[in-house]
Amino acid sequence: MPEICVRRELERPRKRVPNDHLCLRMLSACAILLFLSTPCFAARNADTNDGRGTGRLGGTVSTGTADRLYAGAKVQASGSVTMQTETNGEGKFAFDELPPGTYTLTANAPGLEAEQTVILEASQAMQVSLQLKPVRTTTTIDVASADTAQKTPAPTQTIVEKTLRDAPNVNERLETLLPLVPGVVRGPDGHINMKGARNTQSGALVNSANVTDPATGSPAMNLPIDVVSSVEVVSNPYDPQYGKFTGAVSSVETKIGNYEKYHYSIQNVLPRLRDRDGSIVGIGAATPRATFTGPLVRDKLAFTQSLEYRFVRTPVNSLPPLERDTTLESVDSYTQGDLNISPTQTATLSLAVYPQKLRYMGLNTFTPQPATADLHQRGYQVYAQHRYLTGDESALISQFSYKTYDADVSAQSDDPYKLFIETTEGGYFNRQARRTWRLEWQESYQFAPRHFLGTHEFKAGLNYAHSSYDGQQTFLPVELIGVSGLPVERITFTPPTSFGVDQDETAWFAGDHWSPSNRVTLDLGVRFDNDTVAGSTHVAPRAGFILALTNDGKTLLKGGVGMFYDRVPLIDPVFEHMPERTVSTLDENGAVSSATEYVNRIGGGLHNPESISWNAAIERQVLERLTIKAAYEQRNTTKDFTVSPVSGAISSVMLSNTGRDSYREYQVAGRYRADRFTLNGSYVRSRAFGNLNDPALFFGNNPQAVIQPDARARLPFDVPNRLLFWGDISGPFKLTLIPVYDLHSGFPYSTWNQVREYVGPRNDRRYPRFSSMDLQISRPFSLHVGESRHLQVRAGFGVFNVFNHFNPRDVQNNLDSDRFGEFFNDAWREYRGKFVFQF
């Protein structure tokens with residue numbers, strides 16, 4: 001009877017309101033018309049503008065004191081328009097005919113940066129003094145510019161602060177915007193996959209500190225998005241300071257606190273109601289967020305505090321209205337102090353706290369709430385960095401971080417866990433308690449340029465990390481129910497176990513950014529990694545180049561090759577201490593007809609996965625405002641971790657380094673920049689192929705009960721074809737419009753039968769093509785709250801999946817089901833309001 005009730009609910013059609021549907025289509029059409037017409041409007045407005053009503057923004061750039069002016073610094077003004085220039089021989093800069101509005105001024109020089117926000121009135125001539133300070137991190141890439149990819153041979157793209165603020169972001173999370181980068185997708189499990197790699201294979205850095213979970217290798221830190229200055233995605237970083245991954249790396253930079261005046265921002269003060277089939281049933285989400293920054297000691301000590309509370313219900317739209325939500329509750333706090341010790345010394349101290357409760361983890365069409373798990377995470381990270389300028393272009397950077405990350409998995413009940421053809425019953429079969437921490441220290445030195453056979457910029461450093469993991473695992477019996485409604489297989493486990501492991505990692509690196517001529521740049525580096533768990537030392541050489549093919553520097557040929565070694569997640573060394581299983585086949589009377597006991601074994605010892613990656617790209621500035629790129633990159637990974645059952649005299653579940661995966665990508669991309677809009681477009685043809693039995697699938701946060709033999713096939717997040725278009729438009733009436741259109745192939749999936757045995761080739765079927773148009777519209781306002789005080793307000797709204805395209809997230813892949821091949825859990829159109837107070 002319960003199964004019949006679930007089936008009826010699943011088969012209910014989506015409820016639509018015709019008049020609302022028509023209004024939505026009209027709204028969508030208007031938005032698209034505005035999107036298409038704004039470039040024409042902007043161009044016409046630019047041609048007819050005679051400068052009346054605009055302002056002038058100028059000033060100086062200095063280091064330490066006002067009398068140490070800096071010539072040749074790159075200065076950018078970002079607001080309703082974006083302009084760039086360089087300081088002259090006297091350290092001065094100027095932007096003429098700027099429309100009135102709020103602008104963020106950034107200045108960058110090797111190892112130095114400055115930032116200030118100003119409000120320019122009509123016909124005003126404003127002078128600003130920017131004081132350069134040492135950059136926070138070891139990288140000297142200009143993260144304030146969207147063109148950072150032109151400065152490095154590695155495939156790189158940066159999401160800047162304005163995009164973080166104005167782009168459509170359904171969750172208002174940093175990771176939600178990473179798919180704006182070509183080659184980055186949110187996979188079918190909801191995790192971000194960068195450049196064809198599992199999220200456990202990629203690196204995650206915040207201010208150059210490692211923020212992954214030592215146990216699983218997944219990213220494990222949440223930041224309020226208001227404190228993020230930029231995020232950079234690098235798929236093949238030839239800079240040897242990057243290590244401990246075989247995929248790509250995301251590097252987040254937080255904002256520097258304001259040394260001169262106080263700023264406050266408050267947003268999302270109103271909760272979002274929960275709409276279920278036209279009825280309001282409680283709260284759907286409450287995500288208030290507040291951020292403060294300002295001087296504690298003027299020009300010496302700046303303080304930043306951001307606090308966010310999140311209560312979010314996310315629906316599985318194919319389940320009953322009041323039984324379809326996962327519930328996330330979290331508190332994300334970030335505290336940072338920036339110290340300007342002297343003209344040559346600065347420091348940063350920060351504390352991030354990120355407790356989180358996720359109820360009904362793993363909820364989907366075929367796993368209702370009572371059969372899901374709850375995940376409770378707790379953790380904090382203490383971070384400190386000291387920067388000492390030993391010369392105008394040399395610096396010593398010392399960095400320390402301490403991170404904890406604890407995770408508990410619990411069930412809704414202790415009822416027997418049963419896997420039916422159409423649904424799941426009982427309490428979740430796994431219980432976990434994990435306690436992990438990591439202590440990390442890094443020293444790096446950026447040498448001043450040396451001149452012989454061109455210009456050399458040497459860098460060297462070392463890194464030490466100690467990680468610890470203590471855990472407990474409990475697995476309870478699982479029954480597989482066949483089409484007859486009777487159990488056909490039972491999985492039982494040995495008693496709960498406890499275990500622990502420690503790991504020491506040491507790395508040394510050295511690199512040279514060599515420019516033998518003004519048309520050739522070479523990045524040469526080598527990295528040595530030692531891991532006490534694997535018991536080995538690895539040498540990872542890397543080399544990249546940039547070649548200007550034309551005298552004007554507008555055509556660049558870039559490429560390189562490098563070797564990378566991944567970390568060993570700490571769930572792997574303790575694999576043999578986890579509970580073991582017995583798989584029993586049952587006859588029609590429920591009696592055991594055969595049984596196989598499996599022991600956990602590590603085959604051949606543990607080794608660090610390794611990859612060899614290379615890329616080649618050609619970029620051309622076709623017009624003054626148009627740049628296009630054609631690129632190819634490839635990665636081959638060996639010694640990857642896999643688990644698979646092995647039959648024999650003593651049957652085992654074997655963990656080994658026999659896995660291999662590969663990724664190749666062809667990309668064509670372009671960017672068109674005008675005074676009032678920027679358009680980005682890309683097409684990616686790719687292939688992600690490899691072993692499917694990642695250990696985290698069976699021993700991570702949300703384990704699967706059944707382990708079938710490993711196989712090689714298209715990876716679950718493989719997307720052969722993807723078109724991505726998005727723009728940043730300064731429309732009429734001070735409107736900012738950012739539309740994002742994402743069209744890509746559906747994700748692959750496999751077919752199985754009633755006992756979860758795979759039938760036919762793995763991942764040979766696909767979900768329907770994914771298509772989504774998202775749009776965010778916002779506008780700034782200025783409210784007078786006193787004679788000399790202004791309250792800045794930014795208001796707007798976002799529409800996600802504007803055309804309500806059918807984008808299912810679940811599929812019935814069981815051959816024995818009457819609904820085999822049907823798709824469920826469509827991602828319906830959603831609306832989000834935006835209201836930000838700043839003062």
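The values are calculated or read from the model by the stated rules, or taken from the named source; none is laboratory data. Nothing here was measured: the structure is a model prediction, and the numbers come from that model. Note: ideal-geometry Cβ built from the backbone for every residue, glycine included; neighbour counts use all protein chains shown. Accessible surface areas use protein heavy atoms only, side chains included; no ligands, DNA or RNA. Shrake-Rupley method; radii C 1.70, N 1.55, O 1.52, S 1.80 Å.
Each of the peptides 650-658, 202-210 was scored by the mean count of other Cβ atoms within 10 Å over its residues; in descending order, highest first, they stand as 202-210, 650-658. Here's the picture: charge each Lys and Arg Cβ at +1 and each Asp and Glu Cβ at -1 in the chain, and of Val646, Met194, Val622 the one pushed furthest to the positive end of that dipole is Val622. From helices alone, the chain scores -2000 deg cm²/dmol at 222 nm; the rule is -39500 (n - 2.57) for each run of n ≥ 4 DSSP H residues, then divide by the residue total.
In terms of its Cα atoms, segment 326-464 spans 71, 36, 23 Å along the principal axes, sorted from long to short. The alpha carbons of the chain give a radius of gyration and a Dmax of 27.6, 92 Å, in that order. Here the Debye sum runs over all C-alpha atoms of segment 202-265 as equal scatterers in vacuum, and log10 of I(q)/I(0) at q = 0.24, 0.25, 0.28 Å⁻¹ comes out as -1.05, -1.11, -1.30. For segment 323-331, backbone phi angles converted through the Karplus equation (6.51, -1.76, 1.60; θ = phi - 60°) give residue-by-residue couplings of 10, 10, 10, 7, 10, 10, 10, 8, 10 Hz, Gly and Pro being listed as x. Counting every alpha-carbon pair across segment 711-839, the share separated by more than 19 Å comes to 64%.
With respect to the chain, whose longest principal axis is taken over its alpha-carbon atoms, helix 18-48 is tilted by about 30°.
Treating r as the C-beta distance of Glu757 and Arg664 and R0 as 45 Å, the FRET efficiency rounds to 0.90.
Say each of Val539 and Phe733 gets a label point 7 Å from the Cα, pointing the same way as Cα to Cβ; how far apart are those two points in nm? In this crude label model, Val539 to Phe733 measures out at 6.6 nm. The Cα-based radius of gyration and maximum Cα-Cα distance (Dmax) for segment 324-381 are 19.3, 61 Å. Around the Cα centre of segment 660-761, unit charges on the Cβ atoms of Lys, Arg, Asp and Glu (plus for the first two, minus for the last two) sum to a dipole of about 340 debye. Where both residues lie in the chain, what percent of DSSP beta bridges are antiparallel, nearest 5? Of the beta bridges lying entirely in the chain, close to 95 percent run antiparallel. Note on segment 506-580: Rg/Rh from Cα positions, Kirkwood definition for Rh, rounded to two decimals, is 1.26. Geometric descriptor of segment 400-486, per residue, is 180 Å³ (volume of the convex hull of the Cα atoms).
Using 0.36 nm per residue and subtracting the Cα-Cα separation, the extra length available between Leu791 and Asp414 on full extension is 130.3 nm.
Residue ranges 216-228, 543-555 sort as 216-228, 543-555 when ordered by packing (mean number of other C-beta atoms within 10 Å per residue, highest first).
Taking 0.36 nm per residue of separation and subtracting the current Cα-Cα distance, fully stretching the chain between Asp374 and Asn551 would add 57.7 nm. Modelled spin-label separation between Glu443 and Ile618, with each label point placed 7 Å from Cα along the Cα-to-Cβ direction: 4.7 nm. Each 10 Å bin from 0 upward holds the following percent of the Cα-Cα pairs of segment 621-690: 16, 26, 20, 16, 12, 7, 3, 0. Each Lys and Arg Cβ is given +1 and each Asp and Glu Cβ -1; about its Cα centre, the chain then shows a dipole of about 1780 debye.
Taken over the alpha carbons of segment 638-745 as equal point scatterers, the Debye sum produces base-10 log I(q)/I(0) values at 0.13 Å⁻¹ of -0.68.
On full extension, the segment bounded by Ser771 and Thr596 gains 58.4 nm, given 0.36 nm per residue less the C-alpha separation. When Rg and Dmax are taken over the Cα atoms of segment 439-489, they come to 28.8, 80 Å. Once the 1.4 Å probe is applied to the protein heavy atoms, the chain comes out at 42 Å² accessible per residue.
Summary of packing: across the peptides 633-640, 392-399, the per-residue average of other C-beta atoms within 10 Å ranks them, highest first, as 633-640, 392-399.
Between the residues Phe420, Asn430, Leu453, the greatest Cα displacement towards the positive end of the dipole of segment 411-461, with unit charges on the Cβ of Lys, Arg, Asp and Glu, is found for Leu453. Computed over segment 795-839, the Cα gyration tensor eigenvalues convert (square root of 5λ each) into semi-axes of 38, 10, 5 Å, ordered from largest to smallest.
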